[in-house]
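The values are calculated or read from the model by the stated rules, or taken from the named source; none is laboratory data. These figures come from a predicted structure and were not determined experimentally. In this analysis, Cβ positions are derived from the backbone assuming ideal geometry, glycine residues included, and neighbour counts consider all displayed protein chains. What goes into the accessible areas is simple: the full protein's heavy atoms, side chains included, and nothing from ligands, DNA or RNA. Shrake-Rupley method; radii C 1.70, N 1.55, O 1.52, S 1.80 Å.
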Amino acid sequence: MELNPAIVALTASGAGLARTIKTCLPAAEIHGLAGRVDGADVTFDDTVGHLQMLFRAGRPVVGVCAAGILVRALGPVLGDKRAEPAVLAVDDGGSVVVPLLGGHQARANELSRHLAAHLGATAAVTTASDARFGVALDTPPAGYHLRNPQHLKSFVAALLAGAGVAIELAPGVNADWLVSAGLPLVDDSKVGREGPGEVLRIVVTTTDEPGDPHTLVYHPALLALGVGCERNTPAHELEQHVVEALRARQLAPDAVAGVFSLDVKADEPAVQALAEALSAPARFFASARLEQETPRLKHPSEIVFREVGCHGVAEAAALAAAGENGQLVVEKRKGRRVTCAVAVSDTPIDPSALGRARGSLAVVGIGPGASATRSPAAAEAIADADHIVGYAMYVDLAADLLRDNQIQHRYSLGKEAERVQHAIDLATAGRRVALVCSGDAGVYAMASLACELLDDAANAAASRIAVAVYPGISAMQAAAAAVGAPLGHDFCAISLSDLLTPREVIERRLDAAGSGDFVMALYNPISATRVATFERALEIIREHRGPDTIVVVARSLGRPDESTRVMELGALSSADVDMLFVVLVGSSNTRRFDHAGRTLAYTPRGYLNPAAIRP
């Protein structure tokens, strides 16, 4: 089982069972309620919030608790059942495993049986077809696709009412998962006849058959689609060309295992759009690999060889993916700016074992550190990655999202260029990479460095990776929110670190911000070797601000040792901060007040009294 569930334990006895469960799910993590569960991989204080966070992130959940706890916690966030992760409840005694959500699509039923066998428990699978026939007809194994799920309900109802079923396999297709299941198999002499003797059909074929209430059609992933196109070809042009080619041979789009091409096309929007339209992965081969297929090509081209180093792209890519026994069923079909070809394999094709994917680099801001202040998109980007790169402390802050089969590349403080370049190199090699940053990835973090390195990249392959930046809550936002709204009007951010910015530049910016009466967020305020820099910054700021100016000093935001303090500029000194602080210096309009036992600060925008905002 290659799942990475979060095994959620709420009691000490549940923690013991969670450890037993983990022995049969090596990639799982134990998540324990703080104060009740010791030795968990991840601890949490808010059970409902934590469960909802895991669910939104797509993590399978095995709750060692009452089913009602999971139902009440996840009920408000339920949506499309086709996209939900598996959610299981296991009683504290380990006697019953109940799949609550994701029974078929997320294989919760299968996981329940796996756990039950390990624990000597009962899998309380309530899905009728699974319980009766031992097969999930709406969730075929990898390499097969159900063409007509809209007919499944009536089909299963007929099966449960006593109908028989005839299985028809296309030549060369092996579907043991159907043949060896507990289905009531009969011959097809009475297919379609209604009543007690009704006989249904299950057809496994690459032919484009629609199916009907009496017929389920499964398409095996036997077709390899090879494509080529000119640079920046409109996506609709390639897609239409492929649709026409498949239709001409009555081939099912759902039988296409993957879209295959030359590696220089990895970033071609039309190719990526086609793969998305077909719900099939795109994989890419080097020209040397495609050149090996030249003896099998029907239409080799010297022109193509001179351009890209192989005698064909579409046919060669299709044959390379289909394997040594593959055969072309659609020879090279040429359009104005596009080509395609289709080869059929004698076994289902696993695209992940072929060529190279287009690598991706997600530069992810995880916010101050607490899971509650991390965006779902950031959590999903980290969960989707194969490789996690980052400063070790930041990787630790995302520990609740990591799984054992992800490869971590942990760096010490500094070495920013090395870690970002390594992330780019991994993505260039076709990996899915998450580069983890605290706060916001684009504010004093790694997004700008990643862009700079890609802008200067000499490796053409690096220019083809997909790059996405996921914003997070920056330290200045978290600090401001902790005390009210001191960033309520114009503000700026200035780093006091002179490692990358000359000190005279920093001082000029401080003077300009002070003169402009901006609220200032001071990052990296001090270090063991930069105490004088902070003291000089205060001197410059005090040339423009009075001693009663409101200041916020905040440390370790979003973490257990978080602290914030509202004070006056005249009282602020280097003794009040260290390298983990962010300092907010108010404008001349920033105010503070006491409220419900707290001191809050804010900078008015002028909604109530515009004339009161000092110029």
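Applying the criterion of being assigned to a loop (DSSP other than H, G, I, E, B) and open to solvent by less than 20 Å² (accessible area, probe 1.4 Å) to the residues of the range 174-209, the residue that is modelled with the highest pLDDT is T205. Every listed requirement among (1) without any contact (Cβ under 8 Å) to a residue 24 or more places away in the chain; (2) touching a strand residue (DSSP E or B) at 6+ places or on another chain (Cβ under 8 Å); (3) part of a helix (DSSP H, G or I) is met by L413 save one, (3).
Scanning the range 118-130 finds one or more residues that are touching a helix residue (DSSP H, G or I) at 6+ places or on another chain (Cβ under 9 Å), of a type in the set (S, T, Y), farther than 18 Å from A28 by Cα and modelled with pLDDT of 85 or more. So, in the range 104-117, of the ones that are open to solvent by 50 Å² or more (accessible area, probe 1.4 Å) and of a type outside the set (A, V, I, L, M, F, W, C), which residue ends up modelled with the lowest pLDDT? The selected residue is Q105. Scanning the range 286-315 for residues that are open to solvent by 10 Å² or more (accessible area, probe 1.4 Å) and hydrophobic (A, V, I, L, M, F, W, C) returns A286, A288, L297, I303, V304, F305, V308, V313.
For the range 458-503, taking the residues that are charged (D, E, K, R) and surrounded by fewer than 18 Cβ atoms within 10 Å (Cβ to Cβ), the one that is nearest to R431 (Cα to Cα) is identified as D498. Yes or no: the range 537-546 includes at least one residue that is outside any loop (DSSP other than H, G, I, E, B), under 21 Å from H489 (Cβ atoms), open to solvent by 10 Å² or more (accessible area, probe 1.4 Å) and in contact with a Lys or Arg (Cβ under 7 Å, 6 or more places away or on another chain). No, because not a single residue in the range 537-546 is outside any loop (DSSP other than H, G, I, E, B), under 21 Å from H489 (Cβ atoms), open to solvent by 10 Å² or more (accessible area, probe 1.4 Å) and in contact with a Lys or Arg (Cβ under 7 Å, 6 or more places away or on another chain). On the stretch given as the range 345-371, residues that are in a strand (DSSP E or B) and surrounded by 23 or more Cβ atoms within 10 Å (Cβ to Cβ) total 6.
Taken over the range 576-615, the criterion of being more than 42 Å from the chain's Cα centre (by Cα) and of a type in the set (G, A, S) is satisfied by S588, A611, A612. Within the range 244-270, which residues are closer than 14 Å to A321 by Cβ and among the β-branched types (V, I, T)? Scanning the range 244-270 gives V256, V259.
Across the range 210-265, the number of residues qualifying as in a loop (DSSP other than H, G, I, E, B) and open to solvent by 10 Å² or more (accessible area, probe 1.4 Å) comes to 12.
The rows are residues; the columns are (1) more than 24 Å from A12 (Cα to Cα); (2) surrounded by fewer than 17 Cβ atoms within 10 Å (Cβ to Cβ); (3) at pLDDT below 90.
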| position | (1), (2), (3) |
| --- | --- |
| R59 | no, no, yes |
| L70 | no, no, no |
| L78 | yes, yes, yes |
| R82 | yes, yes, yes |
| V98 | no, no, no |
| G102 | yes, no, yes |
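Looking at the range 9-39, which of the residues that are touching a helix residue (DSSP H, G or I) at 6+ places or on another chain (Cβ under 7 Å) and among the hydrophobic types (A, V, I, L, M, F, W, C) is surrounded by the most Cβ atoms within 10 Å (Cβ to Cβ)? So, considering only residues that are touching a helix residue (DSSP H, G or I) at 6+ places or on another chain (Cβ under 7 Å) and among the hydrophobic types (A, V, I, L, M, F, W, C), the one surrounded by the most Cβ atoms within 10 Å (Cβ to Cβ) is A9. Enumerate the pairs (first residue in the range 299-320 and in contact (Cβ under 8 Å) with a residue 60 or more places away in the chain and under 21 Å from H241 (Cα atoms); second residue anywhere and β-branched (V, I, T) and part of a helix (DSSP H, G or I)) with beta-carbon separation below 9 Å, excluding pairs fewer than 6 apart on the same chain, so at least 6 apart or on different chains. As it stands, the answer is V313/V304; A316/T294, since those pairs meet every condition given. Within the range 266-296, restricting attention to residues that are in a helix (DSSP H, G or I) and among the small types (G, A, S), the residue that is farthest from S360 (Cα to Cα) is A288. Listed by position, the helices (runs of 4 or more DSSP H) contained in the range 421-525 that have at least 1 residues being in contact with a helix residue (DSSP H, G or I) (Cβ under 9 Å, 6 or more places away or on another chain) and more than 30 Å from I540 (Cα to Cα) are 446-455.
Within the range 569-599, the set of residues being β-branched (V, I, T), part of a strand (DSSP E or B) and more than 12 Å from V483 (Cα to Cα) comprises V582, V583, V585. Criterion first (open to solvent by less than 20 Å² (accessible area, probe 1.4 Å), touching a residue at least 24 places away in the same chain (Cβ under 8 Å) and under 27 Å from D498 (Cα atoms)) does G439 satisfy it? Against the criterion (open to solvent by less than 20 Å² (accessible area, probe 1.4 Å), touching a residue at least 24 places away in the same chain (Cβ under 8 Å) and under 27 Å from D498 (Cα atoms)), G439 qualifies.
For beta carbons closer than 8 Å, sequence separation of 6+ or different chains, a first residue in the range 152-176 that is in contact (Cβ under 8 Å) with a residue 40 or more places away in the chain and a second that is assigned to a helix (DSSP H, G or I) and open to solvent by less than 60 Å² (accessible area, probe 1.4 Å), the qualifying pairs are L159/S129; L159/F133. The set of residues in the range 23-41 that are under 10 Å from I7 (Cα atoms) and either in a strand (DSSP E or B) or among the aromatic types (F, W, Y) (or both) comprises E29, I30, H31, G32.
Scanning the range 500-546 for residues that are without any contact (Cβ under 8 Å) to a residue 60 or more places away in the chain, farther than 21 Å from P604 by Cβ and not aromatic (F, W, Y) yields a count of 30.
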